[in-house]
Amino acid sequence: MALSAKTPRFPLHQHLQNLNSHFPGTHNSNKTFTLSFKPQKPHLFSSTLNRPQNSLNTTATTSITPQNPTNSRLLQLCLSGNLEQALKHLASMQEVKIPVEEDCFVALIRLCENKRGYSEGEYVWKAVLSSLVTLLSVRLGNALLSMFVRFGDVGNAWNVFGRMGERDLFSWNVLVGGYTKAGFFDEALCLYHRILWAGIRPDVYTFPSVLRSCAGAMDLVRGREVHAHVVRFDFDMDVDVVNALITMYVKCGDVVSARMLFDKMPTRDRISWNAMISGYFENDECLEGLELFFRMRELSIDPDLMTMTSVISACELLGDERLGTQLHSYVVRTAYDGNISVYNSLIQMYLSVGHWKEAESVFSGMECRDVVSWTTIISGCVDNLLPDKALETYKTMEITGTMPDEVTIASVLSACASLGQLDMGMKLHELAERTGHILYVVVANSLIDMYSKCKRIEKALEIFHQIPDKDVISWTSVINGLRINNRCFEALIFFRKMILKSKPNSVTLISALSACARVGALMCGKEIHAHALKAGMGFDGFLPNAILDLYVRCGRMRTALNQFNLNEKDVGAWNILLTGYAQKGKGAMVMELFKRMVESEINPDDVTFISLLCACSRSGMVTEGLEYFQRMKVNYHITPNLKHYACVVDLLGRAGKLNEAHEFIERMPIKPDPAIWGALLNACRIHRHVLLGELAAQHIFKQDAESIGYYILLCNLYADSGKWDEVAKVRRTMKEEGLIVDPGCSWVEVKGKVHAFLSGDNFHPQMQEINVVLEGFYEKMKTSGFNGQECSSMDGIQTSKADIFCGHSERQAIAYSLINSAPGMPIWVTKNLYMCQSCHSTVKFISKIVRREISVRDTEQFHHFKDGLCSCGDEGYR
């Protein structure tokens with residue numbers, strides 16, 4: 001298979017594949033053309049190939065001055081650099097059918113090359129073809145080869161090469177260099193072997209291109225073969241060739257061989273030093289590279305631009321800010337002060353070691369900035385969690401007239417995603433469409449991420465489907481986008497499609513595991529866990545904690561403990577375990593785990609204390625919770641944030657200390673946010689304290705009138721207190737504000753397959769059986785006098801709050817599981833809304849009748865039902 005780095009900028013013409021009259025090929029390539037040759041008996045160092053028998057020599061015009069005055073005029077226009085007039089003159093000569101002499105064509109081709117006129121060059125090439133009666137001469141063919149290779153059009157270059165009657169070494173070298181530059185490494189190496197088979201002796205210009213192809217393909221075996229040729233042809237003392245050998249070896253990871261060549265060089269230039277120094281850095285041997293740099297300075301060899309940028313980049317890799325600062329001082333003292341490339345490297349170095357202010361200072365001090373300067377500082381803002389600063393910098397960049405590149409657009413889109421700036425993101429999307437940057441995968445991936453985080457998942461899917469060559473980041477972005485938009489089923493479907501086409505990385509697996517945890521897809525999560533272990537990624541980065549989180553959120557605490565004990569126990573792993581037990585209301589267990597965590601010398605962070613406070617709140621451990629709040633500040637010097645204050649309010653409120661909770665809010669040193677007042681509102685709902693609840697709601701809606709959860713809490717407060725008129729008012733306000741309650745949805749996993757049940761959806765194939773089972777339970781509840789089988793009734797205008805904010809979908813999920821699973825098997829249900837009182841009572845009754853353990857995870861907590869009792873102790877359901 002051909003080792004080609006990228007698709008060429010220009011399409012390769014179909015007819016190039018049919019030039020077998022010159023080079024019959026046997027080598028298959030994955031490109032749109034093939035290039036290889038049958039071995040032929042070599043002619044010892046002949047300068048040309050054998051011509052085909054039907055070839056005719058092109059009569060070369062050897063005179064410098066054309067014989068025809070019209071041709072003389074064309075040549076003068078070319079020599080004066082007037083391309084536009086020269087092309088017009090050529091067109092007029094073609095109209096009257098005046099032959100164009102070869103000197104004129106050569107001069108015109110060189111002018112197109114110098115003027116970077118690709119379309120003009122193609123026009124001249126067509127003119128050459130129209131006037132060509134025999135094969136191209138060496139001189140004219142070489143001029144065309146040089147032009148097309150300069151433009152990166154290896155398709156037309158190959159066409160020219162095939163039409164040449166004879167070729168010299170320059171012809172071969174130009175084409176080999178063209179293929180190497182375009183990334184067609186295997187084709188370049190095939191051409192090199194054809195040179196050898198043809199008996200043509202390579203020169204100092206042949207080997208650097210061939211060695212670059214070996215380096216690009218990372219083919220050390222062929223690189224060593226070419227090295228042997230270098231020695232055989234006596235070029236092993238040529239500085240340029242040895243420099244290319246050093247570069248080849250370091251690119252292929254053989255730093256030892258590269259250093260041996262370097263040490264044996266009788267003379268070295270700066271390129272030699274740069275190749276060896278940068279080679280060390282590229283192979284993560286930064287200390288050796290820096291040692292060689294210091295040796296270079298001891299020998300009074302001044303570093304050039306490439307040396308400086310490489311060494312500064314090494315400081316970035318090592319995180320050596322002291323050396324980086326010294327290099328910065330050296331730059332200021334030398335001729336590199338003000339050099340854009342060096343300053344860009346300094347900015348990147350300071351950003352990598354976390355010195356944002358120094359990076360900004362270097363950027364501000366630059367007299368001239370290019371797009372790399374702007375992009376580096378913008379991406380630095382994003383990486384340092386300063387998305388506002390990134391957008392501000394980008395707007396300044398626009399004012400200066402600097403056009404962004406694909407990396408700039410991707411960085412700014414990341415800032416838009418962080419801030420939810422949909423309008424700005426859409427403007428960048430339009431810009432990417434106009435400039436063609438949308439064709440870059442990095443831009444498309446950033447757009448998917450931006451639209452996903454701005455809740456425009458359909459637009460993200462549209463862009464995903466438009467990407468022709470999706471990489472692992474494309475798949476990961478769309479999987480994560482679907483997950484955060486509550487479309488976890490689709491996320492898992494995309495994940496299954498991905499593993500058939502691409503290899504997921506650890507970030508992909510984390511996103512998929514999170515989707516499994518969201519809907520309780522335990523078996524699917526276990527499959528992903530197995531895939532991670534099989535791929536050798538089970539212990540990579542955050543993946544062990546993602547697996548732990550899956551088992552915790554699915555309620556499998558025994559399996560979670562096993563996973564916890566198998567891996568390195570960092571603060572994240574402890575926090576996940578603490579949170580899992582806190583959601584189950586296991587306050588004593590959480591306290592014991594925290595004690596073990598401290599004893600194992602793991603310092604708790606702010607998330608740890610959120611878990612501790614939540615556990616104390618759910619377990620009614622008010623004194624212990626307030627003690628942890630004080631210890632956090634005094635013992636661990638962690639400044640409480642808004643989440644900690646909200647937990648304390650919830651702690652006091654759930655315990656019925658509503659006035660103390662209110663006073664605590666009033667004494668806060670920072671302004672309370674809606675979440676803190678929401679905790680008080682929820683406590684008022686539990687204890688049916690309407691007046692204080694209304695006060696909390698007033699504070700909430702002053703700051704946040706769009707979050708639907710607070711309206712639901714207020715409705716629940718009024719409904720639990722029997723104030724149905726107030727419920728109607730709140731619902732009317734929600735309708736006026738355009739707020740829509742998500743339909744209730746429950747998921748249950750049966751025999752490895754996850755089934756979803758949506759409120760009001762009767763299209764499940766077993767819905768009739770499910771309804772029969774539920775009706776049977778309702779009849780038994782009536783007979784036994786069990787309260788709660790029906791929802792509370794209201795007047796004919798309004799629906800009950802249970803129907804509005806619960807949907808009862810968990811009942812269908814439980815009934816389906818009872819029908820399709822073996823007797824005695826536990827049932828695990830995950831729900832997207834809170835569990836209403838009616839459903840809570842009904843599931844308690846079912847667990848007693850069927851003698852099964854039933855677990856329901858709603859938005860607030862785990863409810864573990866067994867023998868007619870719930871693990872929550874009926875808190876909030878009395």
Taking the stretch 727-748, which residues are in contact (Cβ under 8 Å) with a residue 12 or more places away in the chain and open to solvent by 40 Å² or more (accessible area, probe 1.4 Å)? ARG731, THR733, GLU737, ILE740, ASP742, PRO743
(1) part of a helix (DSSP H, G or I); (2) under 21 Å from LEU758 (Cβ atoms): which one isn't true of ASN445, the others all being true? (2)
Among the listed residues SER784, SER871, SER809, SER800, identify the single one that is at pLDDT 80 or above, of a type in the set (S, T, N, Q) and open to solvent by less than 60 Å² (accessible area, probe 1.4 Å). SER809
What do you reckon, is ARG483 over 17 Å from the mean Cα position of the chain (by Cα) and not hydrophobic (A, V, I, L, M, F, W, C)? no
Read through the list (1) under 32 Å from the mean Cα position of the chain (by Cα); (2) open to solvent by less than 40 Å² (accessible area, probe 1.4 Å), then give the number of the only condition that VAL331 fails. (1)
Let me confirm something: among ASN762, ASN771, which residue is out of contact with any Phe, Trp or Tyr (no Cβ under 7 Å at 6 or more places or on another chain), open to solvent by 30 Å² or more (accessible area, probe 1.4 Å), assigned to a helix (DSSP H, G or I) and assigned by the TED database to the domain that holds VAL829? ASN771
Of all residues in the stretch 514-528, count the ones that are more than 18 Å from ALA756 (Cα to Cα) and buried (at least 21 other Cβ atoms within 10 Å of the Cβ). 1
Any residue in the stretch 851-878 that's in the same structural domain as CYS836 (by the TED database) and more than 24 Å from GLY709 (Cβ to Cβ): show its pairings with residues that are among the aromatic types (Phe, Trp, Tyr) and surrounded by 14 or more Cβ atoms within 10 Å (Cβ to Cβ) at Cβ separation under 6 Å, as long as the two are six or more apart or on different chains. ILE854/PHE865
Among helices (runs of 4 or more DSSP H) lying entirely in the stretch 235-304, which contain 3 or more residues that are free of Cβ contacts under 8 Å to residues at least 12 places away in the same chain? 255-264, 286-298
For the stretch 147-169, what are the residues that are open to solvent by 10 Å² or more (accessible area, probe 1.4 Å), among the charged types (D, E, K, R) and under 14 Å from GLU122 (Cβ atoms)? ARG150
Yes or no: ALA359 closer than 25 Å to HIS465 by Cα and either of a type in the set (Ser, Thr, Tyr) or surrounded by 15 or more Cβ atoms within 10 Å (Cβ to Cβ) (or both)? no
Just wondering, is there one or more residues in the stretch 134-142 that are at pLDDT below 90, surrounded by fewer than 20 Cβ atoms within 10 Å (Cβ to Cβ), under 30 Å from ARG201 (Cα atoms) and not hydrophobic (A, V, I, L, M, F, W, C)? yes
Filter result for the condition that a residue is within 15 Å of ARG857 (Cβ to Cβ), out of contact with any Pro (no Cβ under 7 Å at 6 or more places or on another chain) and part of a helix (DSSP H, G or I), over ALA546, ALA512, ALA532, ALA560: ALA560
Output yes when any residue across the stretch 285-298 is closer than 20 Å to PHE185 by Cα and not charged (D, E, K, R), and no when none is. no
Among the residues that make up the stretch 394-415, is at least one of them in a helix (DSSP H, G or I), at pLDDT below 95, surrounded by 24 or more Cβ atoms within 10 Å (Cβ to Cβ) and not β-branched (Val, Ile, Thr)? no
How many of the residues making up the stretch 565-608 are part of a helix (DSSP H, G or I), open to solvent by less than 40 Å² (accessible area, probe 1.4 Å), within 28 Å of GLY656 (Cα to Cα) and of a type outside the set (A, V, I, L, M)? 6
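Quick grid of which residues meet (1) under 20 Å from PRO604 (Cα atoms); (2) within 22 Å of the chain's Cα centre (by Cα); (3) of a type in the set (D, E, K, R):
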position: GLU527; (1), (2), (3): no, no, yes
position: LEU533; (1), (2), (3): no, no, no
position: PHE539; (1), (2), (3): no, yes, no
position: PHE542; (1), (2), (3): yes, yes, no
position: MET557; (1), (2), (3): no, no, no
position: ASP570; (1), (2), (3): yes, no, yes
position: LEU578; (1), (2), (3): yes, no, no
Going through the stretch 178-200 in order, the residues found to be in contact with a Ser or Thr (Cβ under 9 Å, 6 or more places away or on another chain) and open to solvent by 20 Å² or more (accessible area, probe 1.4 Å) are LYS181, PHE185, HIS193
Where LEU492 falls short, out of the listed (1) under 17 Å from the mean Cα position of the chain (by Cα); (2) open to solvent by less than 50 Å² (accessible area, probe 1.4 Å): (1)
Residue check, SER352 farther than 24 Å from LEU447 by Cα, of a type in the set (S, T, N, Q) and buried (at least 17 other Cβ atoms within 10 Å of the Cβ): yes
Per the filter on the stretch 626-648, residues of a type in the set (Lys, Arg) and either touching an Asp or Glu at 6+ places or on another chain (Cβ under 9 Å) or open to solvent by less than 60 Å² (accessible area, probe 1.4 Å) (or both) are LYS643
Name the residues in the stretch 539-562 that are touching a strand residue (DSSP E or B) at 6+ places or on another chain (Cβ under 9 Å) and open to solvent by 40 Å² or more (accessible area, probe 1.4 Å), would you? ARG553, ARG556
Pairs needed: first member in the stretch 689-701, surrounded by fewer than 19 Cβ atoms within 10 Å (Cβ to Cβ); second member anywhere, of a type in the set (Gly, Ala, Ser); C-beta distance under 6 Å; at least 6 residues apart or different chains. VAL690/SER721
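The values are calculated or read from the model by the stated rules, or taken from the named source; none is laboratory data. All values derive from a computational prediction rather than experimental measurement. FYI the Cβ positions are ideal-geometry reconstructions off the backbone, even for glycines, and counts take in every protein chain you see. Protein only, heavy atoms only, side chains kept; ligands, DNA and RNA dropped before computing areas. Shrake-Rupley method; radii C 1.70, N 1.55, O 1.52, S 1.80 Å.
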